[in-house]
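Some notes on the structure that comes next.
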Amino acid sequence: MSGALVRVVGADERAYERHLVEIEDLRRRVVELQLELEGLRLAMGRFEAEYHARVGALFVKLDRLRLAIAEYERRILRLRADPRADPTRIEEEIRVEFRGRHEEVRSAEEEARRHERAYQEEAGFLDLDEPTAEDLRALYRELAKRYHPDLARTDEERRRREDVMRRVNAAFNRRDIAALRTIEQEAAAEDPAFDARPIADKLAWATREVTRLGRVLAYLVDELAAVRQTDTFRLWRRQDAGEGVVEALELNLREEIDNARDRMDELVSIHRGLTRDVVPA
C-alpha cells in the first residue's frame, strides 16, 4: 500500500511564515501611529489656521501702531533737537530709517490674509453632526488601513496605494464622506504574481520588509514625540481642553491696541505743538 505524500515544510518557509507574523504586527503598529500622527497634524493645522485668522490681524494692527509710534517719537526727537529742521528732510530720514520695518509689517499683513482665507475655506466646509463625523473618522481609518503605502509588498503596489491615499486624505480634509464611500467601493489593487515567486525571493523580501518597517516605526515614534514638544501642540491641547487661550490672547491684544492708540494720540498732539508756526512763549 502506497503511503500518502507528506509535504515537508522547509526552513526557509518556516522563517518566511515567522516573518509574515512579525510583518503583520509591525504594519498594524505603523498604520496606527501614522493615523495618529496624521490626525494630530490635521487637528493642529486647523487650530493654527484659526489661531492666525483670529489673532493675526490684531498682531498686524498692533505692529502698525507701534511702527507709527516709533516714527512719531523720531520726529519729535528731531524737532526738539532742532526746532528749525526742514520737515521734508525729517520725513526722508524717517522713510529711510523705517523702510525695513514697513516691509516686515507688509509681509505680516500678507501672511495674515493668507491665514484668513485658509480659515474661511475651512469654515466653509460642510459642518457634520457628531454621528456623521464619527462615521467619517471610522471610514477614514478603515481606508487608511486598507490602502496605506506601508502595507505594499512591491514598488508598483506602493505607487498605487499612494495614489489612493492622496484621494483619501483630500476627501477627509474636505469632510467629503461621499467621496470616501466611493473609494471604499473600489477593489484593492494587489500583486497576484507575488505568491508564485520562489520561497527564497519571498524570504528575502520579508527580511527586508521587517527591517524597513522597523525603521518606519522608529521614525513615527520620533515624529510624534517631536510634534508633542512644539508650542503649537501645547497651545492646541490647552485650547482643546477649554482653557480659551486664543480668546485670552485676543483680549490682551485688543488691550495693547487700545493702549497704543492712546500713546499715538498723545504723540500726535505733541508733534502738532512742535510744528505750529507760532509757539507760545
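The values are calculated or read from the model by the stated rules, or taken from the named source; none is laboratory data. This structure is a prediction, so every number in the text was calculated from the model and none was measured. As a convention, Cβ positions derive from the backbone with ideal geometry for all residues, glycine included, and neighbour counts pool all protein chains shown.
Report every pair of residues separated by at least 6 positions or lying on different chains whose Cβ atoms are under 7 Å apart, first residue within segment 11-33 and touching a residue at least 60 places away in the same chain (Cβ under 8 Å) and aliphatic (A, V, I, L, M), second outside any helix (DSSP H, G or I) and surrounded by 15 or more Cβ atoms within 10 Å (Cβ to Cβ).
Once the first residue is touching a residue at least 60 places away in the same chain (Cβ under 8 Å) and aliphatic (A, V, I, L, M) and sits in segment 11-33, its partners that are outside any helix (DSSP H, G or I) and surrounded by 15 or more Cβ atoms within 10 Å (Cβ to Cβ) give 31/148.
Run down 196, 189, 178 and say which single residue is exposed (fewer than 11 other Cβ atoms within 10 Å of the Cβ), at pLDDT below 75 and among the hydrophobic types (A, V, I, L, M, F, W, C). Explain how you work it out, then say what you get.
Values: 189 fails: exposed (fewer than 11 other Cβ atoms within 10 Å of the Cβ); 178 fails: at pLDDT below 75.
The conditions single out 196.
Give 213, 267 a once-over and let me know the one that is within 30 Å of residue 75 (Cβ to Cβ) and of a type in the set (A, V, I, L, M, F, W, C).
267
Given the options 158, 175, 166, name the one that is among the basic types (Lys, Arg) and outside any helix (DSSP H, G or I).
Values: 158 fails: outside any helix (DSSP H, G or I); 166 fails: outside any helix (DSSP H, G or I).
Checking each option against the conditions leaves just 175.
Out of segment 15-61, which residues are more than 12 Å from residue 210 (Cβ to Cβ), in contact with a helix residue (DSSP H, G or I) (Cβ under 8 Å, 6 or more places away or on another chain) and charged (D, E, K, R)?
29, 36, 38, 41, 46, 48, 50, 54, 61
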